[in-house]
Each structure stands twice: as C-alpha cells, then as structure tokens.
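Read-outs: derived from the displayed coordinates by stated rules, not from any lab. Just so it is clear, the model here is predicted, and its values are computed rather than measured. For neighbour counting, all protein chains shown are included, and Cβ atoms are generated from backbone atoms with ideal geometry for every residue, glycine included.
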Amino acid sequence: MEAIVLYPSPAIGHLISMVELGKLILTLKPSLSVHIIIFTPPYDAGSTSSYISKVSATIPSITFHHLPTITLPPSITHSSLHHETLTFEVLKLNNPHLHQTLVSMSKDYSISALIADFFCHAAFPVTIQLNIPAYIFYTSGAGSLSLFLYFPTVHRITTGNLKDISTHFDVPGIPSILSTDMPKPLLERHDKAYEYFVESSTGWSKSAGIVVNTYESLEPTAIKAIRNGLSVPDGRTPPIYCIGPLISSDDRSGGDGVPECLTWLDSQPSQSVVFLCFGSLGLFSIEQLKEIATGLEKSGQRFLWVVRNPPSKNENVARFAQPDPDLDSLLPDGFLDRTRERGLVLKSWAPQVAVLNHDSVGGFVTHCGWNSVLEALCAGIPMVAWPLYAEQRVNRLVLVEDIKIALPMTESENGFVSSAEVEKRVRELMESEKGNSVRKRIVELKNEAKAAPSEGGSSRIGLMEFVESWQRKPR
Ligand code: UDP
C-alpha cells in the first residue's frame, strides 16, 4: 500500500498544520489507496496526546508513529539555546531513528514521499539515502518564504550583525525590508540559530518541492519572484505548490457548550467589536498590558481582549504552560469596572476562529502569526499588525504595504507601544477611511480565499500538481 510520511517539527501548531495537510491530501486520494503516517515529535512538545487521540479516532487513514524520545547531551540541555536552535539540534539527533523507522516501514508500505516541516530539513540526507522524494511544507506565506530563500544571498553580501545596521534590503517579491525587520534568529550572525537557518534555506532548494500555505491571488508578486528564480539567484528553485488557505478545523476551545465570549458577542452590535489576540506564544510585560488597557479605554471602542501572564522570569517555564492571569493585579485600577459595558477580557485563550467569524467582530489586533492572518482573511476581518516574534515582522510588511489588509502598530525602538498608539490605531481601524479601505480589500480577498481551494480553484490545482509530482518521480 502507498504511504505518505509527514514529519512535523515539535510544536503543537506545526503538528496541527501537518494533520490539516494530511486531510487535504486525502480529499484527492481516496483513503483506501493511500495511508498518511505522521511522525510525532521526538521530545515533549506540550500536550499533544489528546489532540492525537482525537485525530486517530476520527480519521482511520491517518496514523501517528511516535519516534523514540531523545536524550539530549548536556551541552544542549545546559545551555541557553534559542528555541529554534534547540529544535534544529533535536531534529538532527533524530536522524538515526528516522532512518531506522523508514527502513522498517518500507517493508509494509511503498513510501511515495516525505513531507517535512521547514525546520526538518535535517531529514534530507536520510531521504536521499533511501531514495524517497522529500518536500518542504512551509506553513507561512510566500513573502517570508522568499525572504528565507534569499537569505543565503543576504548572508553573502553582508558581514556584521543585521541588528546593528539600519539598512534596507531588496528581497525579491516583497517591499523593501529594514534589516531589523528580518526574523529574529537572522539578526545575529554568530548565533547558532542563524547558522541553522542559512543551512536550511540553502538546503530547501534541493527539495522535490515546497508546499506553501498561501494562494496565488493573495501573494502574486512574491510567488512569481520565487518561481522566476529571483529568490535563489545562484541556485535551483524547486517547484512551489500553493495550496492555501489551509486553516485548522480544530477549535481547541476546550470545554463543551457555547463559550461565554460568544454569548457576550451576541449582545454586541454588528461589526462593532475589536478583537485582540496574540497567538499561542504572545506575551507582554505588565507595563505593556497596562498601556494597552489605557489605549483601549480611551479609544471608546468595544473590545474582546485575550490577556496572558507576563513572561516568567524563570526561563524553564514554557511559554505555553503559563497559569491563568490575575486580571485585577495586571490591569489598571478600575479598568474592568469602567469598561464593563463595552469590553470583555478573556484569560489566556479564546476560540479565535469562532470569534473572528462572529458578526459582531469588526477588527483584529494580531501578532501576525500566519494562521491568524489566514483565519482573519477567511472571515474578512481587517487587522492592526503588531508583530512579536518569528517571521511576523515580515508578515506585517507584506500585509500593510503589499496586500493592504492591515494597518501597522508602530513601536518605539525598544519595542514598546504607547497607549496613544493603541488608541489611535484601534480607532483608525474601526472608524476611519483608512480602516474602511483595508476592510473593503479584505472582503474582496475573502471571496478569493474561498474560491482558491474549491473545485477548479488555483489551490486545488496546486494540490493536484503536488500529488501528481511524487507519482511522476522515478523510484
Ligand atoms: N489561537 C486560538 N486562541 C488563542 C490564541 C491562538 O485559537 O487565544 C489559535 C489561532 O486561531 C491560530 C493559532 O492558535 O490557529 C495560532 O497560530 P499563529 O500562526 O497565528 O501563531 P503562533 O501561535 O504560531 O505564533
């Protein structure tokens, strides 16, 4: 029987995206003819077990294979490595297990392709050895993909740390980008994560193809630049398959019944509420939380705001394992009382997709995580872009200057955003001509987001071409 192996990196968000990709492949290949095998992360990545059980119970053609836990050498466990570096290191150490597992699976299955998360490029030597076509699944957009593909060129033409220079770079397919808006791990040349990213993005060029969670009419300039080879000026550009928008159908809202915030939204006027939510890892200092509160209060707008505890001083407390916040101690005195009539603060988590699709929501202040962006697009909700980590500053640039579906939140040099800026941007989004124009634009793109994955749409065609590509490969 034919099998496709999906290899996510160790984070629940990446696992969920891979499952969605698996489900998408199954819509083309009837479940009787292909089996999807997902290799689960080799080290503890938060609570994935209940999610995995749910998927296994409902989709028999998807099975999970747990790779053995890795014992990290002391040089890794005892150092203060960036999260990204740790991920790359772990995945490299995983190769012997990967090799062994693929060899033993080959006795029962004909493995047509391995689709690796963009952190899992270390798997390539194994797939080359076993003659399995290897693809990259890039879970963000074509704009940031172009940047990563072009980054080995930036590396070659620069010498110092990008964080220390204030230079603009002309990256193919996206507006001119300020060096400090590049993804954080790329800012320090001597950082191990920087080395890994240069190595990975050079290596992606050798893949059988890159699957991207975008659609043709959303990022035409970036997609064209990549396909025309501009992002990899000195090397090979692999085929690019745009299959998005692929968004999670798992709401992760936790409990049963209708969440309180949706009932609250029922009582608010149509398109009147601004929703503030910052992904699975977005955290603010107490000072910043107070500033947001003051800005929201002064804006006079209705709001639904997800508040988390500030980052723990203890580095060992995982960001996703924070306890619920004590709102009274974090927010300004009397804020909750004064805004009771028009605002609701949620602790830690919101059922984001349901919230964005509620008729009362009219705007979204987001950290620009790509899933959040696509979810807002599919719901037709305009954004204020406030990037916090990963490639989100690149996404802000693309959303504000190229696609024009977001207004920028402007930080001061140390990254702090004043209450005046929060007040101004939230008002602008909900009440001004500028806000109206991003709203109109996102409604147009929402219709295209719906059409792209439908029969005959560009993403459906992209998916078909992707599946056909591994069937054409000589083995
Ligand atoms: N999310 C959610 N509720 C929250 C925060 C996040 O449902 O309170 C979901 C959101 O809908 C999205 C994912 O978590 O699907 C976050 O992914 P994204 O790529 O936006 O950001 P990341 O967490 O990877 O930085």
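Each Cα pair under 8 Å and six or more residues apart adds its sequence gap; the mean of these over the residue count of segment 374-475 is a relative contact order of 29 percent.
Could you compute the net charge surrounding VAL398? Neighbours are other residues with a C-beta less than 12 Å from the C-beta of VAL398; K and R count +1, D and E count -1. Provide the component values of the computation, followed by the final result.
On the way: positive: ARG393, ARG396, LYS404; negative: ASP181, GLU219, GLU391, GLU401, ASP402.
So the surrounding residues net to -2.
Would you kindly calculate the translational diffusion coefficient of segment 143-199, applying Stokes-Einstein with the Kirkwood radius from alpha carbon pairs, for 4 °C and a viscosity of 1.567 mPa s, and quote it in µm² s⁻¹ without decimals?
On the way: Rh = 11.2 Å.
In µm²/s, the coefficient is 115.
For segment 403-451, the relative contact order comes to 38 percent (Cα pairs under 8 Å, sequence separation of at least 6). Helix 142-157 axis versus longest C-alpha principal axis of the chain: approximately 70°, rounded to the nearest ten.
What order, most packed first, do the peptides 194-201, 366-373, 48-55 have when packing is the mean number of other Cβ atoms within 10 Å of each residue? Don't skip to the answer; put the middle values down first.
Details: 194-201: 19.9, 366-373: 26.4, 48-55: 14.2.
Highest to lowest by the protection proxy: 366-373, 194-201, 48-55.
Treating each Cα of the chain as one equal point scatterer and applying the Debye formula with no solvent, the log10 of I(q)/I(0) at q = 0.05, 0.06 Å⁻¹ comes out as -0.18, -0.26.
Determine, for each peptide in 115-122, 426-433, the mean count of other beta carbons within 10 angstrom over its residues, then list the peptides with the highest first. Walk me through the numbers on the way to the answer.
Numbers: 115-122: 24.2, 426-433: 18.0.
Listed from highest to lowest mean packing, they are 115-122, 426-433.
Report the net charge of residues surrounding SER418, where surrounding means a beta-carbon distance below 15 angstrom and charges are Lys +1, Arg +1, Asp -1, Glu -1.
Working: positive: LYS290, LYS298, LYS424, ARG425, ARG427; negative: GLU287, GLU291, GLU297, GLU411, GLU413, GLU421, GLU423, GLU428.
Value of the local net charge: -3.
Only helical runs count toward this figure. For the chain, summing -39,500 (n - 2.57) over DSSP H runs of n ≥ 4 and dividing by all residues gives -12000 deg cm²/dmol at 222 nm.
Once Rg and the Kirkwood radius are both taken over the C-alpha atoms of segment 364-475, their ratio Rg/Rh works out to 1.12. Per the Debye formula on identical point scatterers at the alpha carbon atoms of segment 26-161, with no solvent, log10 I(q)/I(0) at q = 0.15 Å⁻¹ is -0.95.
Once the piece of chain linking ARG227 and LYS23 is laid out straight, how much longer is it, given 0.36 nm per residue of separation minus the C-alpha distance between them? Write out the running numbers ahead of the final one.
Numbers: separation 204, 0.36 × 204 = 73.44 nm, distance 2.63 nm.
The ARG227-LYS23 span can extend by a further 70.8 nm.
On the basis of the beta-carbon distance and an R0 of 30 Å, HIS65 and SER249 show a calculated FRET efficiency of 0.85. For THR159 and ARG441, a Förster radius of 30 Å and the Cβ-Cβ distance give a FRET efficiency of 0.15, rounded to the nearest 0.05. Each other residue within a Cβ distance under 14 Å of SER205 adds +1 if Lys or Arg and -1 if Asp or Glu, for a net charge of +1.
Of LYS92/LYS192; LYS298/LYS347; LYS92/LYS184; LYS29/LYS107; LYS184/LYS424, which sit over 24 Å apart, Cα to Cα? Show your work: numbers first, answer last.
Values: LYS92/LYS192 14 Å; LYS298/LYS347 22 Å; LYS92/LYS184 22 Å; LYS29/LYS107 22 Å; LYS184/LYS424 27 Å.
Those over the limit are LYS184/LYS424.
Here LYS404 and SER348 are evaluated by their C-beta separation; at R0 = 30 Å the FRET efficiency comes out at 0.40. Write down the percent of antiparallel bridges among all DSSP beta bridges whose residues are both part of the chain, to the nearest 5. Once the DSSP bridges in the chain are tallied, antiparallel ones form about 5 percent.
Sorted from longest to shortest, the spans of the Cα atoms of segment 88-173 along the three principal axes equal 55, 26, 18 Å. Taking Cα atoms only, the orientation of helix 286-299 departs from the longest principal axis of the chain by about 60 degrees.
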